[in-house]
Amino acid sequence: MPLYEHVMIARQDLSNAQAEGLIEHFGTVLADNGGKIVDSEYWGVKTMAYKINKNRKGHYAFLKTDAPSGAVQEMERLMRLHEDVMRVLTIKVDEHPEGPSVQMQKRDERDGRRERR
């Protein structure tokens, strides 16, 4: 099955438990349609570059999935209809990298950064 990565931004006035509950909810939607969540990360509340629906901040979540395209389309459709979800980005990837995403790594552990002069 194809591999996908999803980033979801939920409204800032949700609690952390409610935001993580959204991840579980959309994971069950994916499982009902023949897919599965390989890994999920809750990135927390972050400030956005511009306002979306009068919100300056949002709960960010990252999902790595292994699912057929029909299941991903259904999950995206339900995410876009859900009133708590502001934005969704889905990318098809060849493979999922091992370990945590760049957002979850500590600043000193990140590779490829140049030193300032």
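The values are calculated or read from the model by the stated rules, or taken from the named source; none is laboratory data. Values in this document were obtained by computation on a predicted structure and should not be read as measured data. For neighbour counting, all protein chains shown are included, and Cβ atoms are generated from backbone atoms with ideal geometry for every residue, glycine included.
If you scan the stretch 86-98, which residues turn out to be surrounded by 10 or more Cβ atoms within 10 Å (Cβ to Cβ) and either part of a strand (DSSP E or B) or at pLDDT below 75 (or both)? Explain how you work it out, then say what you get.
So the first thing to find is which residues in the stretch 86-98 are surrounded by 10 or more Cβ atoms within 10 Å (Cβ to Cβ), and the list is 86-90, 92-93, 96-97.
Listed by number, the residues that qualify are Met86, Arg87, Val88, Leu89, Thr90, Lys92, Val93.
Could you tell me whether any residue of the stretch 100-108 is surrounded by 14 or more Cβ atoms within 10 Å (Cβ to Cβ) and hydroxyl-bearing (Ser, Thr, Tyr)? It would help to see each step written out before you state the result.
Applying the first criterion (surrounded by 14 or more Cβ atoms within 10 Å (Cβ to Cβ)) to the stretch 100-108 yields 101.
Next, from what is left, pick out any that are hydroxyl-bearing (Ser, Thr, Tyr): 101.
Checked against the condition, which is being surrounded by 14 or more Cβ atoms within 10 Å (Cβ to Cβ) and hydroxyl-bearing (Ser, Thr, Tyr), the stretch 100-108 yields at least one hit.
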If we scan the stretch 77-85, do we find a residue that is surrounded by 15 or more Cβ atoms within 10 Å (Cβ to Cβ), touching a residue at least 24 places away in the same chain (Cβ under 8 Å) and in a strand (DSSP E or B)? yes
Within the stretch 57-107, can you find the residues that are under 13 Å from the mean Cα position of the chain (by Cα) and of a type in the set (Gly, Ala, Ser)? Gly58, Ala61, Ser101
